[in-house]
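Colleague: Take this structure, written in structure tokens, and hold onto it; I'll ask about it next.
The values are calculated or read from the model by the stated rules, or taken from the named source; none is laboratory data. Fair warning: this is a prediction, and the values are worked out from it, not measured in the lab. Here the Cβ is made from the backbone with ideal geometry for all residues, glycine too, and neighbour counts use every protein chain on show.
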């Protein structure tokens, strides 16, 4: 036995003498923001909205019939036709059973589970495996597992929709070629109309669409661009004159979209005017006083000479805004008079003035710390800067500014900005960008991190990744929990608490965390062993009694056995006895006799080579179980004792089992 730091108030403690406490006995997690809605509920709401705006392409009903009859379907088609959206909607349209919807994401960062792991599939689950951007090795790995996985789908009455990579769509094995279905392009006008109706805009008769719109659609832009155009049409309608029609809104929206893409050149060349122009573009919709102060900061940082005249001779803010094509609304917020002009201005300066990029990032850092900055404005500013960086920087470097802010600053505003930056990347529609951000978060999570960076990572995992990639959120929170300080104060153990709260909402995530605690990844030191034991016993204290759901799965029973064995072997009875008592008490209250037997068998098998633990299990059971159940438990203990290996001599430690 060795001494090592443990999660108790005593600081340096014997790992075999650690007491575990949960929830109410410790301070709440120190997380910058918090959501009350369970991630699964949010995911279901997002799927519902997606279904309402989905324009059904020709042949989609055939794909649904294939999925419903055979529990699997392989979708392929031209990139940009909405293959992944179609897969999500098909899974949403299936009859709702006891299972849940979740997306299987090949995650090369952590090899604790393959994307097609049968043991992690629940009864009636509806799953999406998006391989549209998969590399050769990932495709081969998944393809080789399809036959065995399909059998699991049939046995568990679960469903899987696979989006095939274009390069390998014709390489599907003959056993599954019959389940391959093409996703055709939906009617473009119907796509636009559905997006508009969901945003409260009635497009009227789509057959009367203006020529500008039909010409725009003739180029067959990707579905995401149609959704973006619909958003501009909504903005055009919001600022339209009473006499303007749907056709006018479309013309204005298309002109604005084209201005963003063309080589827009601002007509202004004066330094102070350009500083104000860029400030308005970056802070579009912000209070006028904030824009004024931010423009002054930008002028000073770029060494642009100010107005040397007396203050009363300066131009008013209203006049200066008018010179750059902007004005204040009734709420004193600044907007350009021209639709989506802010997008064009930002892109022009970023693309055409490379030397301005670093000073602009420094300026954003200063502006974020201004006390009068509204919270929603900070998020907009961060997202706009991140989108600009994505235009010119490599995807694998995009996450670095967030880490830089978290390490250099200590104020809440810039720490929240760092979290917003990472959240933008994780949510990004471009899967390659999202994957790079998730990889960066994983890389930082597996290393010791400064407190502020750790706070930011926990925040992003629980408030963003838990909704988009919940299993990957569990992986990263688990690594963060293993590397947290072991003292119990000041919210320094946020990842442990957040992780348990996250999995408490979802039986599948509880099963996934149990899988990780039992099998992967390997522990590197005693502290990580203590944290894993803390998390395992925390799973057992949840009011939803997860052991009941987990005991029904043979694989989960094995994981429970392995975790119990580790706890009983590595820690003193003072640490695990209260949890053992609760396990037995909860087991005795179960209505299903088979469940009772399974629960007791897990304990006995976990302590099969640990006589003191077996004795404690029996003594505890005698106080809680009926005579019949106690007799059966004693019989199982005797069986376990007969299977014990013989005593052997150890020169260094004497006789041991």
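Colleague: Go through the range 458-467 residue by residue and tally those that are touching a helix residue (DSSP H, G or I) at 6+ places or on another chain (Cβ under 6 Å) and either surrounded by fewer than 24 Cβ atoms within 10 Å (Cβ to Cβ) or within 18 Å of residue 412 (Cβ to Cβ) (or both).
Modeller: Taking the range 458-467 first, the residues touching a helix residue (DSSP H, G or I) at 6+ places or on another chain (Cβ under 6 Å) are 458-462, 464-467.
Subsequent filtering for residues that are either surrounded by fewer than 24 Cβ atoms within 10 Å (Cβ to Cβ) or within 18 Å of residue 412 (Cβ to Cβ) (or both) retains 458-460, 462, 464, 467.
Counting residues in the range 458-467 that are touching a helix residue (DSSP H, G or I) at 6+ places or on another chain (Cβ under 6 Å) and either surrounded by fewer than 24 Cβ atoms within 10 Å (Cβ to Cβ) or within 18 Å of residue 412 (Cβ to Cβ) (or both) gives 6.
Colleague: Take the range 167-181 and flag every residue that is surrounded by 15 or more Cβ atoms within 10 Å (Cβ to Cβ) and either assigned to a helix (DSSP H, G or I) or at pLDDT below 95 (or both).
Modeller: In the first step, residues of the range 167-181 are kept if they are surrounded by 15 or more Cβ atoms within 10 Å (Cβ to Cβ); the result is 168-169, 172, 176, 179-181.
168, 169, 172, 176, listed by residue number.
Colleague: Taking the options 657, 620, 586, name whichever one is surrounded by 15 or more Cβ atoms within 10 Å (Cβ to Cβ), closer than 26 Å to residue 530 by Cβ and at pLDDT below 85. Spell out how you get there, then give the answer.
Modeller: On the way: 657 fails: surrounded by 15 or more Cβ atoms within 10 Å (Cβ to Cβ); 620 fails: at pLDDT below 85.
When all the criteria are applied, what remains is 586.
Colleague: Any idea which of (1) buried (at least 16 other Cβ atoms within 10 Å of the Cβ); (2) in contact (Cβ under 8 Å) with a residue 60 or more places away in the chain is the one residue 142 doesn't satisfy?
Modeller: (2)
Colleague: Report yes if some residue within the range 399-407 is part of a helix (DSSP H, G or I), over 25 Å from residue 135 (Cβ atoms), under 17 Å from the mean Cα position of the chain (by Cα) and not assigned by TED's automatic domain parsing to the domain that holds residue 163; otherwise report no.
Modeller: In the first step, residues of the range 399-407 are kept if they are part of a helix (DSSP H, G or I); the result is 400-407.
After this cut, where a residue has to be over 25 Å from residue 135 (Cβ atoms) as well, the list is 401-407.
Within this subset, residues satisfying the condition of being under 17 Å from the mean Cα position of the chain (by Cα) are 402.
Narrowing the set further to residues that are not assigned by TED's automatic domain parsing to the domain that holds residue 163 leaves 402.
Checked the range 399-407: at least one residue is part of a helix (DSSP H, G or I), over 25 Å from residue 135 (Cβ atoms), under 17 Å from the mean Cα position of the chain (by Cα) and not assigned by TED's automatic domain parsing to the domain that holds residue 163.
Results for (1) over 20 Å from residue 46 (Cβ atoms); (2) at pLDDT below 85, shown as yes or no for each residue.
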{"position": "472", "(1), (2)": "no, no"}
{"position": "475", "(1), (2)": "yes, no"}
{"position": "489", "(1), (2)": "yes, yes"}
{"position": "493", "(1), (2)": "yes, yes"}
{"position": "500", "(1), (2)": "yes, no"}
{"position": "516", "(1), (2)": "yes, no"}
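Colleague: Residues being modelled with pLDDT of 75 or more and assigned to a loop (DSSP other than H, G, I, E, B): count how many of those fall in the range 250-266.
Modeller: Final tally of qualifying residues: 3.
Colleague: If you don't mind, there's one more thing I want to ask. Residue 221 is checked against (1) in contact (Cβ under 8 Å) with a residue 12 or more places away in the chain; (2) surrounded by fewer than 16 Cβ atoms within 10 Å (Cβ to Cβ); (3) farther than 13 Å from residue 188 by Cβ and fails just one. What number does that condition carry?
Modeller: (3)
Colleague: To continue, here is another question. Go through the range 198-213 and give me each residue that's in a helix (DSSP H, G or I) and under 29 Å from the mean Cα position of the chain (by Cα).
Modeller: Scanning the range 198-213 gives a single hit, 198.
Condition check ((1) within 19 Å of residue 329 (Cβ to Cβ); (2) in contact (Cβ under 8 Å) with a residue 40 or more places away in the chain; (3) in contact with a helix residue (DSSP H, G or I) (Cβ under 9 Å, 6 or more places away or on another chain)) across all residues:
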{"site": "215", "(1), (2), (3)": "no, no, yes"}
{"site": "246", "(1), (2), (3)": "no, yes, yes"}
{"site": "252", "(1), (2), (3)": "yes, yes, yes"}
{"site": "256", "(1), (2), (3)": "yes, yes, yes"}
{"site": "282", "(1), (2), (3)": "yes, yes, yes"}
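Colleague: Would you call residue 541 buried (at least 17 other Cβ atoms within 10 Å of the Cβ), closer than 30 Å to residue 445 by Cβ, out of contact with any helix residue (DSSP H, G or I) (no Cβ under 6 Å at 6 or more places or on another chain) and at pLDDT below 90? It would help to see each step written out before you state the result.
Modeller: Working: buried (at least 17 other Cβ atoms within 10 Å of the Cβ): yes; closer than 30 Å to residue 445 by Cβ: yes; out of contact with any helix residue (DSSP H, G or I) (no Cβ under 6 Å at 6 or more places or on another chain): yes; at pLDDT below 90: yes.
When the stated conditions are applied, residue 541 passes them.
Colleague: Looking at this structure, is residue 286 over 20 Å from residue 353 (Cα atoms), surrounded by 13 or more Cβ atoms within 10 Å (Cβ to Cβ) and touching a residue at least 60 places away in the same chain (Cβ under 8 Å)? Please lay out each step first, then the result.
Modeller: Details: over 20 Å from residue 353 (Cα atoms): yes; surrounded by 13 or more Cβ atoms within 10 Å (Cβ to Cβ): yes; touching a residue at least 60 places away in the same chain (Cβ under 8 Å): yes.
So residue 286 fits the description; yes.
Colleague: Next question. What are the residues in the range 182-197 that are assigned to a helix (DSSP H, G or I) and touching a helix residue (DSSP H, G or I) at 6+ places or on another chain (Cβ under 6 Å), if any?
Modeller: Kept after step one, since they are assigned to a helix (DSSP H, G or I), are these residues of the range 182-197: 188-197.
Result: 188, 189, 191, 192, 193, 195, 196.
Colleague: Looking at residue 388 and the list (1) closer than 23 Å to residue 300 by Cα; (2) in contact with a helix residue (DSSP H, G or I) (Cβ under 8 Å, 6 or more places away or on another chain); (3) surrounded by fewer than 14 Cβ atoms within 10 Å (Cβ to Cβ), which single condition is not satisfied?
Modeller: That leaves (3) as the condition not met.
Colleague: Before we move on, is residue 432 modelled with pLDDT under 90, within 22 Å of residue 114 (Cβ to Cβ) and assigned to a helix (DSSP H, G or I)? Steps first, answer last, please.
Modeller: Details: modelled with pLDDT under 90: yes; within 22 Å of residue 114 (Cβ to Cβ): yes; assigned to a helix (DSSP H, G or I): yes.
When the stated conditions are applied, residue 432 passes them.
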